[in-house]
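Chemist: Let me begin by handing over the structure; questions about it come next.
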Amino acid sequence: MEKKTIFSGMRPTGRLQLGNLLGALDNWIKLQDKYRCLFCVVDWHALTTAYEDPALLKENTYEMVIDWLAAGLDPEESIIFRQSDVKEHAELHLLLSMFTPLSWLERVPTYKDQLQQLKDKNLSTYGFLGYPLLMAADILLYRAEAVPVGEDQIPHIEITREIARRFNHLYQKPYFPEPETILNKVKVLPGIDGRKMSKSYGNTISMSDRPDEVRKKVRQMITDPGRVRKNDPGNPSVCTAFTFHGVFNAEEVASVEQVCRRGEIGCVECKKQLAERLVSYLEPIYERRQALQKEKNYIREILADGAKRASALAAENMAEIRELMNLGQL
Ligand code: ADP
């Protein structure tokens, strides 16, 4: 039986952070032998916010693929490629734009939210409004049936489903599947300030942070604001450090909760324990990363091979899509 196809991507906007790892990448790794997987460095998506300063795009692309491999993605099993290497993504984006109402894009919650959060950038652009449409094109181009992402991406998958339905209706063929979202156990990881961890918010712990950096950031994490003295009873449900214990220290999380609620451990000590768990979690990833960093050619070959494999699938589907829209050979 043929394997189902899944697609997912990440923007090369800087070193990967733990939210990317736990929300998405960890799931990609688990799914890669069950599905036909396409994992894409979405550099055009990065340009929607970084258009004024694209200097680091190539460097970030290398670093991101290194992070993916260091975490356990297998380039034999998965197709790993760069969006801008497969031009059909742009062609399908254009074709879908013909019938996508502006109002669908304007009401996507991440659109207004990002405009609000990234006030220092001019994002009143055509490209930024079209971000979810480009993402829909990425997914639909491979007729992917599922998309493993963090919870923040659900509205984008929802609009992709709407666009698939509209295409199928207009051109009278159930051509595109309506893709499902696949969430990991960790749906949204908070940053050290308690908001969603995001490269855009400067509240991240990176996969490549060194132990001292990790310790420093864990010390800054928001804890229960109602706790003044270290033997006051704490409320773990409002504490970011506790959320991290749940993710990275699952064996001890129950006892951490107990001693916190009884005021038997201070936040400083609790964070020290957490920092050491994180440091040992990240150590093997860091070591693999160091080895890969010396292999730029190897990364280049992976991306070239991935682009070839993705292009073959894209070309085949694009020919059918053109035909359905009467754009094929005369
Ligand atoms: P960032 O916000 O750091 O720029 P991206 O928008 O490039 O990250 O997201 C890449 C992937 O990582 C998406 O699947 C997204 O849902 C996931 N992701 C990002 N941040 C988090 C988070 N804090 N918790 C869970 N998943 C996340």
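Please treat every number below as a calculation from the coordinates, not as lab data. It should be emphasised that the depicted structure is a prediction, and the values quoted were computed from it without experimental measurement. Heads up, the Cβs are rebuilt from the backbone with ideal geometry, glycines too, and the neighbour counts pull from every protein chain shown.
Chemist: For the stretch 199-290, what's the relative contact order in percent, using C-alpha pairs closer than 8 Å and at least 6 residues apart?
Modeler: Relative contact order of the stretch 199-290: 35 percent.
Chemist: What size of dipole, in debye to the nearest 20, comes out for the chain about its Cα centre when the only charges are +1 on Lys and Arg C-beta atoms and -1 on Asp and Glu C-beta atoms?
Modeler: Computed charge dipole of the chain: roughly 660 debye.
Chemist: Ok, one more. Just name one of His245, Gln220, Gly266: the one whose Cα is farthest towards the positive end of the charge dipole of the stretch 199-290 (beta-carbon charges, Lys/Arg +1, Asp/Glu -1).
Modeler: Gln220
Chemist: Any idea what the dipole of the stretch 199-290 comes to, in debye rounded to 20, about its Cα centre with Lys/Arg Cβ at +1 and Asp/Glu Cβ at -1? Don't skip to the answer; put the middle values down first.
Modeler: Working: 16 positive and 13 negative charges, 64 e Å.
Dipole of the stretch 199-290, to the nearest 20 debye: 300 debye.
Chemist: Any chance you could run the full-extension gain for Ser97 through Glu301? It's 0.36 nm times the residue separation minus the Cα-Cα distance, nm to one decimal.
Modeler: Here the segment from Ser97 to Glu301 would lengthen by 70.1 nm.
Chemist: While we're here: Please figure out what share of the DSSP beta bridges in the chain is antiparallel and state it in percent, rounded to the nearest 5.
Modeler: Here the antiparallel bridges make up roughly 10 percent for the chain.
Chemist: Any idea what the relative contact order of the chain is, in percent, if you count C-alpha pairs under 8 Å spaced at least 6 apart?
Modeler: On the way: 473 pairs, mean separation 73.9, N = 330.
Averaging sequence separation for qualifying contacts and normalising by length gives 22 percent for the chain.
Chemist: Specify the angular offset, from 0 to 90 degrees and rounded to the nearest 10, of the alpha carbon long axis of helix 211-220 from the longest principal axis of the alpha carbons in the chain.
Modeler: Roughly 80 degrees between the two axes.
Chemist: Same structure, new question: Less than 19 Å from a label point 7 Å out along the Cα-to-Cβ axis of Tyr175: which backbone N atoms in the stretch 85-124 qualify, by residue?
Modeler: So the set is 87-101.
Chemist: Alpha carbon centre of the stretch 299-330 versus the stretch 11-35: separation in Å?
Modeler: 24 Å
Chemist: Put +1 on the Cβ of each Lys and Arg and -1 on the Cβ of each Asp and Glu in the chain; which of Pro284, Phe176, Pro211 then has its Cα farthest toward the positive end of the dipole?
Modeler: Comparing the listed Cα positions along the dipole, Pro211 ranks first.
Chemist: Over the Cα atoms, compute the radius of gyration (one decimal) and Dmax (the largest Cα-Cα distance, rounded to a whole number) for the stretch 258-306, in Å.
Modeler: Cα-based Rg and Dmax for the stretch 258-306 come out at 19.4, 56 Å.
Chemist: Which distance in Å, rounded to a whole number, links the C-alpha centroids of the stretch 195-221 and the stretch 115-183?
Modeler: Rounded to whole Å, the Cα centres lie 29 Å apart.
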